[in-house]
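Just so it is clear, none of the values below were taken in a lab; they were calculated from the coordinates. Note that the coordinates shown come from a computational prediction; the quantities given were computed from them, not determined experimentally. Virtual Cβ from ideal backbone geometry, glycine too; neighbours counted across all protein chains shown.
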Amino acid sequence: MSTIEKVKEELLVEELIGINNEIILYNDDVNTFDHVINTLVRVCNHEALQAEQCALLVHYKGQCAVKTGNYEELIPYCSSLLEAGLSAEIQ
């Protein structure tokens with residue numbers, strides 16, 4: 001294997017490792033569907049249908065991954081969800 005191939009392989013592995021985090025949104029008894037949907041559209045840049053599907057998954061399954069990326073990239077998104085009164089964490 002040449003040096004160039006080895007460097008490319010290492011870079012790809014680092015890229016894959018870097019995006020293994022996700023924001024998990026949890027169900028609660030406080031927020032309305034409309035609030036959750038509107039917040040996902042505003043904060044996570046979801047399309048309305050995607051936000052609605054996430055809200056339904058959260059309601060029926062108790063949680064849903066709403067955004068993936070590296071940890072540092074997800075911090076402001078998660079903070080905004082929390083500030084909007086939603087229950088979320090980065091995993």
Label point 7 Å beyond Cα of Leu57 along Cβ direction - residues of the stretch 64-83 with amide nitrogen under 17 Å | 64-70, 78
Applied in sequence order to the stretch 23-29, the curve 6.51 cos²θ - 1.76 cosθ + 1.60 (Karplus, θ = phi - 60°) yields integer Hz couplings, x standing for Gly and Pro, of 8, 9, 9, 10, 5, 9, 9
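As an exercise, use a Förster radius of 35 Å and the Cβ-Cβ distance of Glu89 and Leu49 to find the FRET efficiency, rounded to the nearest 0.05. Write down the numbers at each step before the final one.
On the way: r = 25 Å, r/R0 = 0.70.
Calculated transfer efficiency: 0.90.
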Obtain the nm distance between the two label points defined at Asn70 and Asn38 by a simple spin-label model: each point lies 7 Å from its Cα along the Cα-to-C-beta direction.
-> 3.5 nm
